[in-house]
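Let me begin by presenting the structure, written as structure tokens, before commenting on it.
The values are calculated or read from the model by the stated rules, or taken from the named source; none is laboratory data. Please read these numbers as outputs of a predicted model, since none were measured by experiment. We place every Cβ from the backbone using ideal geometry, glycine too, and count neighbours over all the protein chains shown.
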């Protein structure tokens, strides 16, 4: 189905719904209901389905990043950025993490050099795109590849990030108040940040308890483990919001409202997963640095 047809179909589905005080919410909900099930199914089943999904998403977010760096036309620096992120994703999907790291380094340098010579956008943002997107996607694939707890970790992480988004949206709209970063994203508030953190803790604990193999419903989770899961969930909620603000800063520099218009109600793919990318990178780095593995690290 072409993206234009997809957007028209979503529009027909949400016309009977009254947006009320939540402008755009019906479209966002329907888009999520259409796109989330197949994505979650692929991540649940694992390789090769999850690898194909993540590599496809990597190509799309790299394309969106390149467009925001150099305008809608993809020139040589943007093409290098896209190829570097995709190559990183393919190497990570094959378990070649050292190769993926070298691709990130070489790709960032090549994209910056191409931008310098072609004078199409700021070279540093092309390099940042390769490093940030490539590292975050590699971390996500590394987390999912764990044979013991990869599925649980990814589903838990997605639940925490989605709960953060929902909690921040509801609290921000309902409470309002002091702006979190008015020069970057005027719509975000401190109340939204707090609401997102609370929702993340609730979701993180609920999913961890449901997945705990020690007893039904997580009955055997020790108090110390519950406390750690709550702290990590809240921390990832903050990281997720920082990732959202980071992408908002890039969009503001590019003069763009959304990274693209691929997803009705959400904008682009990067708009939808900006927080997930930041959270995956932070969680992967924390697990790696502390020597933990998967949910056991919590």
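Between 168, 152, which is at pLDDT below 95 and either assigned by TED's automatic domain parsing to the domain that holds residue 79 or buried (at least 21 other Cβ atoms within 10 Å of the Cβ) (or both)? Talk me through it step by step, then tell me what you get.
Values: 152 fails: either assigned by TED's automatic domain parsing to the domain that holds residue 79 or buried (at least 21 other Cβ atoms within 10 Å of the Cβ) (or both).
Only one candidate passes the filter, namely 168.
Within the group 136, 112, which residue is over 23 Å from the mean Cα position of the chain (by Cα) and surrounded by 16 or more Cβ atoms within 10 Å (Cβ to Cβ)?
Details: 136 fails: over 23 Å from the mean Cα position of the chain (by Cα).
Every option except 112 fails the conditions.
Considering every residue within region 184-205, establish whether at least one is crowded, with 22+ Cβ neighbours inside 10 Å, closer than 22 Å to residue 42 by Cβ and in the same structural domain as residue 278 (by TED's automatic domain parsing).
Yes, region 184-205 contains at least one residue that is crowded, with 22+ Cβ neighbours inside 10 Å, closer than 22 Å to residue 42 by Cβ and in the same structural domain as residue 278 (by TED's automatic domain parsing).
Results for (1) touching a residue at least 24 places away in the same chain (Cβ under 8 Å); (2) assigned to a helix (DSSP H, G or I); (3) surrounded by 15 or more Cβ atoms within 10 Å (Cβ to Cβ), shown as yes or no for each residue.
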residue: 84; (1), (2), (3): yes, yes, yes
residue: 87; (1), (2), (3): no, yes, yes
residue: 92; (1), (2), (3): yes, yes, yes
residue: 98; (1), (2), (3): no, yes, no
residue: 104; (1), (2), (3): yes, yes, yes
residue: 107; (1), (2), (3): yes, yes, yes
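Results for (1) more than 14 Å from residue 232 (Cα to Cα); (2) in a helix (DSSP H, G or I); (3) at pLDDT 85 or above; (4) assigned by TED's automatic domain parsing to the domain that holds residue 193, shown as yes or no for each residue.
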site	(1), (2), (3), (4)
270	yes, yes, yes, yes
279	no, yes, yes, yes
283	no, yes, yes, yes
295	no, yes, no, yes
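A quick yes/no check of all residues on (1) touching a strand residue (DSSP E or B) at 6+ places or on another chain (Cβ under 9 Å); (2) modelled with pLDDT of 95 or more; (3) part of a helix (DSSP H, G or I); (4) in the same structural domain as residue 243 (by TED's automatic domain parsing):
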| site | (1), (2), (3), (4) |
| --- | --- |
| 4 | no, no, yes, no |
| 9 | no, no, yes, no |
| 13 | no, no, yes, no |
| 20 | no, no, no, no |
| 31 | yes, no, yes, no |
| 36 | no, no, yes, no |
| 58 | no, yes, yes, no |
| 61 | no, yes, yes, no |
